[in-house]
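Written out below as structure tokens is the structure these notes cover.
Each value in this text was obtained by applying a stated rule to the coordinates, not by laboratory testing. Since the model is a prediction, treat every value here as computed from it, not as a measurement. Here Cβ is always computed from backbone atoms with ideal geometry, including for glycine, and neighbour counts include all displayed protein chains.
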Amino acid sequence: MRNTRSTQLLFELSRPGCVGVDLPVCDVPERPISELLPAGAINPAPLPLPELSEPDVVRHFVNLSTQNMSVDTHFYPLGSCTMKYNPKRNERLASLPGMVDLHPYQPESAVQGLLELLHESQYFLAEISGLPAVSLQPAAGAHGEMTALLVAAAYFRDRGEKRTTVLIPDGAHGTNPASAAMAGFDVQPIRCDEDGFVDLEEFATHLNERTAVFMITNPNTLGIFEKNIKKIVEMVHAVGALVYLDGANMNAILGITRPGDFGADLMHYNPHKTFSGPHGGGGPGAGPIAVAEKLAPYLPSPIVVKENGVYRLDYDRPKSIGRVRSFFGNVGVLVRMYCYIRTHGAKGLREVSEHAVLNANYLLAKVKHFLEVPHGDRCMHEFVASPVKLKNEKNISTMDIAKRLLDYGYHAPTVYFPLIVKEAMMIEPTETESKATLDAFAEALFRITGESADLLHDAPHTTPVSRADEVLAARKPVLKHGG
Ligand SMILES: *Cc1c(COP(=O)(O)O)cnc(C)c1O
């Protein structure tokens, strides 16, 4: 497994004089650079850049890439951040010359095809959410959260209402409070009860005419559909506030229920999760938002509109919060999303969620026999195990199990999130995995629970880098080889 060559830096592989490209002989007289540029603009010595051939560079990066795990190489049951297989068809369509050769400064008349695709995407996302107005601009889920909260702030400002607080359940993703703070709101956490539902009593004590928005993830990060959602929505609306749905878990409910139907006023999508945009290494993503009719005027500009059979970008929206992203947003991700939605169709999208939920419940039914699953026998698209007994009895932590899974050839689940569950291990298999894969994964987990603490404390044993000291790595990162 270990490949020392590929762990060397390009700088160490450098050989003086080696080049990756040959330029043709210059066909104009050469002149010294000192005649062309002022002295202050010229580097006294050449930059110490590595000198390599093209194969050297390709091998370096391909070898490095094989030291990591990805959806294309391994099962990747990461809770919260749906990591499903990304169909290659989407890649092929997104890289058609008609897509990749477009320039954002082309006139609208020359990009009618793309505008049509974006216009239809707005429509699809409105239909799937049950919320009629859509902006494709935000560049990630978190960015969508912030954009939607700015939309909510503009709405209340317009109505002359002074609302300062955003309420967020304590199991929420960290981006929720961060986005609320970025949008200028105070954040009030709301406790969840033992079963993972919003504690309605505590909720009622914090809900008042100062409340702007209640942000909820549904199904939540425990993989549970909030049973009181109807009541919660009524309570929020009764004080004139808005309900925001964090749509990161849409993979559980596509075509089964719609946020707009259960009372949400605003939401974001994560196309890179739900609609199979590849998202290794943290990006790229997109974070389209969908909102209720009354909030439509405040959406970012421009929006794609269709008039007399012609598509155009509508900037004439006086109440808009303005731009939140250059050009049209992360269009490459949106194109993949569009292909995914069109490929599945309405019935297919519903099947995606049905299979995602079925797979998660199948795995839950196996795992609960050897790891505690404190929040029930049934889940939506993901569930949270909590190996507290192993921790207490054998000093084996969730981190040990997660690291050891790498030796068995599995990407680790999400660990220590949500914060409300001790030793949390959040498992989301997604619909793209076979029964054989789920069985093999459950078997590996089971075997690990029987291994010795000593073995597990040092795991992983077979990866290019074994157990790292994560605190030290964060505090004193070694950014230079041998440095
Ligand atoms: C992933 C996620 C987010 C943030 O989305 P990004 O696209 O990563 O910015 C927000 N909430 C939940 C529940 C998530 O899983």
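Observations, loosely collected:
- Relative contact order (%) - the range 89-344, alpha-carbon pairs under 8 angstrom, separation at least six: 28 percent
- FRET efficiency, E354 to R89 (Cβ-Cβ, R0 25 Å, nearest 0.05): 0.70
- FRET efficiency, 1/(1 + (r/R0)^6) with R0 45 Å, evaluated for D261 and L419 via beta carbons: 0.90
- Across the range 222-343, the relative contact order, built from alpha-carbon pairs under 8 Å that are at least six residues apart, equals 20 percent.
- Net charge dipole size for the range 4-65 [Lys, Arg +1 and Asp, Glu -1 on Cβ; Debye, nearest 20]: 260 debye
- Point-charge dipole on Cβ atoms (K/R +1, D/E -1) for the range 349-475, about Cα centre, debye to 20: 240 debye
- Taken one residue at a time, the phi angles of the range 147-159 give Karplus couplings (6.51, -1.76, 1.60, θ = phi - 60°) of 4, 5, 5, 5, 4, 4, 4, 5, 4, 5, 4, 4, 8 Hz. Gly and Pro are set to x.
- Share antiparallel - DSSP beta bridges, the range 89-344, percent rounded to 5: 45 percent
- The packing ranking of peptides 403-411, 386-394, highest mean first, is 403-411, 386-394, where packing means the average number of other beta carbon atoms within 10 angstrom of each residue.
- Extension gain for E54-E443 works out to 135.7 nm (0.36 nm per residue, less the C-alpha to C-alpha distance).
- Using the average count of surrounding beta-carbon atoms within 10 Å as a protection proxy, the listed peptides 354-361, 210-217 rank, highest first, as 210-217, 354-361.
- Annotation: amide H of I303 within the under-5 Å range of D314, sequence separation 5 or more or interchain, hydrogens built in the peptide plane.
- When peptides 330-337, 48-55 are sorted by average Cβ neighbour count within 10 Å, with the highest value leading, the order is 330-337, 48-55.
- Placed amide H near T217: partners under 5 Å, 5+ positions off or other chain: D246
- Here the chain is treated with +1 on each Lys and Arg Cβ and -1 on each Asp and Glu Cβ, and its dipole about the Cα centre works out to around 40 debye.
- For the pair K389 and S65, a Förster radius of 30 Å applied to the C-beta separation gives a FRET efficiency near 0.20, rounded to the nearest 0.05.
- Using the Karplus relation 6.51 cos²θ - 1.76 cosθ + 1.60 with θ = phi - 60°, the per-residue 3J(HN,Hα) values for the range 130-137 come to x, 10, x, 10, 10, 10, 8, 5 Hz, with x marking Gly and Pro.
- Stretch gain in nm, segment E307-L10, where the contour uses 0.36 nm per residue and the Cα spacing is subtracted: 101.6 nm
- Across the chain, the convex hull enclosing all Cα atoms gives 207 Å³ per residue.
- Normalised contact order of the chain, rounded percent, pairs of Cα under 8 Å and 6 or more residues apart: 18 percent
- One decimal place: the segment D170-D27 gains 44.7 nm when fully extended, by the rule 0.36 nm per residue minus the C-alpha distance.
- Distance between the 7 Å Cα→Cβ label points at V465 and Y362: 3.5 nm.
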